[in-house]
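Every read-out reported here was derived from the displayed coordinates using simple, explicitly stated rules and does not represent laboratory data. Keep in mind the model is a prediction, meaning the values are calculated, not measured. Here the Cβ is made from the backbone with ideal geometry for all residues, glycine too, and neighbour counts use every protein chain on show.
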Amino acid sequence: MLLDTKAEIVGRESWGDYFLLTIRSPSIAEKAVPGQFIMIRTASGPYPLLRRPFSIHDRKKDTIDIYFQIAGEGTALLAAKKQGDECDIIGPLGNGFLLDTLAEGRTVAAVGGGRGIAPLFFLGNELQKLGFPLTVYYGGLTSGDLPLEKKFRDKGIPVHCSTDDGSTGFHGLVTDLFLSFLPSSRPDHLFVCGPDPMMKALSRICLEERISAQFSLESIMGCGFGACWGCVHKIKTQGEAEWTKICQEGPVFFTEDIIWNND
Ligand SMILES: Cc1cc2nc3c(=O)[nH]c(=O)nc-3n(C[C@H](O)[C@H](O)[C@H](O)COP(=O)(O)OP(=O)(O)OC[C@H]3O[C@@H](n4cnc5c(N)ncnc54)[C@H](O)[C@@H]3O)c2cc1C
Ligand code: FES
């Protein structure tokens, strides 16, 4: 684990309630793999005391990017930070997506819902370098939830979009968009990140269709490195359901090992 107590914010972009911050941290940038995350202290005062988790969205030689949506007080404080401000971060944390299981010639796709698109840009870039072109299915409630569509296209990563209200792309859920492409472009392997109901539905599809898949789970996190047990989720380990720390053993798990709430 690396500790960068004072990392400078060197870039900031925004689209409605979505934000992208570029943070100078050569040590985290060097070590990070797609699917890993950092914990950030969002306040300069005492509240919120606990750091908040964010996926690593991109990395350059000396910097990492995070992409986030305002969800509460911590993310609102983070959104108010400016270029030149400093923040307290820990990372890279978690396991990340497992890429060395991909066999040559396999086709790969990813589904991202809303802010869940965050880790898929770093993933797409790394997969491109490894020779696995990624196709992305990107869903939101409305067109304002899809500000990164052009960024993916500009990188040469094909994106199919959906919105629940039909304001752009396919009119409907991203799971239905993915299903509509299944007969013509069935992936051998799928990567998923987004809200729980979307991930649960996709997990069922992957199991039924026998598509191997990795899911990046979310949980409220107290520490991010295994000390508080605040992030546990039931995961099958050698066939047995066990309460598992998402921050340490995850956040990425294979679909067959995840036990969803109410299952
Ligand atoms: C591994 C990991 C990676 C993440 N990556 C990103 C990312 O790249 N971009 C992004 O926008 N968000 C990401 N999140 C979610 C983000 O951490 C939460 O939105 C954030 O912590 C909310 O903090 P807050 O103080 O603004 O909200 P709070 O005031 O703490 O909470 C606001 C609301 O959000 C809910 N909430 C808080 N934390 C979470 C959480 N972790 N999961 C689900 N619901 C939550 C609370 O129950 C509450 O209803 C990630 C979460 C995890 C676990
Ligand atoms: S967040 Fe503390 S153990 Fe996972």
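Quick notes
- Simple spin-label estimate for Asp62 and Trp243 in nanometres, 7 Å along Cα-Cβ: 4.5 nm
- Using a cut-off of 29 Å between Cα atoms, the listed pairs Lys60/Lys236; Lys60/Lys82; Lys31/Lys82; Lys155/Lys236; Lys60/Lys81; Lys61/Lys82 include Lys60/Lys236; Lys155/Lys236 as exceeding that distance.
- To the nearest ten degrees, helix 118-130 and the longest principal axis of the Cα atoms of the chain are 70 degrees apart.
- FRET efficiency estimate (nearest 0.05) - Cβ-Cβ, Lys236 to Arg153, R0 35 angstrom: 0.40
- Net dipole in debye of the range 145-250 [+1 Lys, Arg Cβ; -1 Asp, Glu Cβ; about Cα centre; nearest 20]: 240 debye
- Principal-axis tilt of helix 196-209 within the chain, Cα atoms, nearest 10 degrees: 30 degrees
- Nitroxide proxy distance, nm - points 7 Å out along Cα→Cβ at Glu8 and Arg210: 5.6 nm
- Relative contact order of the chain, taken over Cα pairs closer than 8 Å and 6 or more residues apart, is 17 percent.
- Calculated diffusion of the chain, Stokes-Einstein form, Kirkwood radius summed over Cα pairs, 37 °C and 0.692 mPa s, µm²/s: 176 µm²/s
- Relative exposure of Arg12, Arg210, Arg59, judged by other C-beta atoms within 10 Å (fewest first): Arg210, Arg12, Arg59
- The range 127-263: translational diffusion in µm²/s, Stokes-Einstein, Kirkwood Rh over Cα pairs, 25 °C, 0.890 mPa s: 150 µm²/s
- Furthest towards positive pole of dipole, Gly139, Asn95, Leu78, structure part the chain, Cβ charges: Leu78
- Cα centre as origin, Lys/Arg/Asp/Glu Cβ charges: the chain dipole, Debye: 520 debye
- Relative contact order, whole percent, for the range 122-212 stands at 20, derived from Cα pairs under 8 Å and 6 or more residues apart.
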